[in-house]
1. Applying the selection to segment 47-59, what residues are farther than 9 Å from Leu7 by Cβ, part of a helix (DSSP H, G or I) and open to solvent by 20 Å² or more (accessible area, probe 1.4 Å)?
2. Can you pull out every residue in segment 45-59 that is closer than 11 Å to Leu12 by Cα and either without any contact (Cβ under 8 Å) to a residue 40 or more places away in the chain or of a type in the set (Gly, Ala, Ser) (or both)?
3. Among what's in segment 60-74 and is open to solvent by 40 Å² or more (accessible area, probe 1.4 Å) and touching a residue at least 12 places away in the same chain (Cβ under 8 Å), pick the residue that is farthest from Thr11 (Cα to Cα).
4. Here are Thr53, Thr11: which of them is modelled with pLDDT of 95 or more and touching a helix residue (DSSP H, G or I) at 6+ places or on another chain (Cβ under 9 Å)?
5. Kindly evaluate Tyr42 against the criterion of being open to solvent by 30 Å² or more (accessible area, probe 1.4 Å), in contact with a Lys or Arg (Cβ under 8 Å, 6 or more places away or on another chain) and without any contact (Cβ under 8 Å) to a residue 40 or more places away in the chain.
6. Given the structure, is Val34 in contact (Cβ under 8 Å) with a residue 24 or more places away in the chain, of a type in the set (A, V, I, L, M) and not in a helix (DSSP H, G or I)?
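The values are calculated or read from the model by the stated rules, or taken from the named source; none is laboratory data. From a predicted model like this one, the values you see are computed outputs, not experimental measurements. As a convention, Cβ positions derive from the backbone with ideal geometry for all residues, glycine included, and neighbour counts pool all protein chains shown. For the accessible areas, the whole protein counts, side chains as well, though only heavy atoms, and no ligand, DNA or RNA atoms are used. Shrake-Rupley method; radii C 1.70, N 1.55, O 1.52, S 1.80 Å.
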Amino acid sequence: MQEKYSLNEQTLRFIIEFEKKVEPGKIYTIQELVDLFKVSPYYNEKFNFYKKTPNNSMWYAVARSGNWLRVKNGIYKKK
């Protein structure tokens, strides 16, 4: 049986774990978060072939976690 990988699910898991280590007020761009995600154990090489990019999924994860404030487009601050 083939394993399924959900990019949205893995980015959300990454962001929830990552934000535990980030102090409030710290600012990140979506691209910085994607770069950190790509070197994390949550990233799978199969994601390279998905139509949806990690940038879109990272935005989804940041919005869903509820612990980030949008400073401006593509820039988020930890609550």
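1. Selection gives Asn48, Phe49, Asn55, Trp59.
2. Of everything in segment 45-59, those that are closer than 11 Å to Leu12 by Cα and either without any contact (Cβ under 8 Å) to a residue 40 or more places away in the chain or of a type in the set (Gly, Ala, Ser) (or both) turn out to be Ser57, Trp59.
3. The extreme case among them is Val71.
4. Thr11 is the lone residue from the list that is modelled with pLDDT of 95 or more and touching a helix residue (DSSP H, G or I) at 6+ places or on another chain (Cβ under 9 Å).
5. For Tyr42, the condition - open to solvent by 30 Å² or more (accessible area, probe 1.4 Å), in contact with a Lys or Arg (Cβ under 8 Å, 6 or more places away or on another chain) and without any contact (Cβ under 8 Å) to a residue 40 or more places away in the chain - is met.
6. Against the criterion (in contact (Cβ under 8 Å) with a residue 24 or more places away in the chain, of a type in the set (A, V, I, L, M) and not in a helix (DSSP H, G or I)), Val34 does not qualify.
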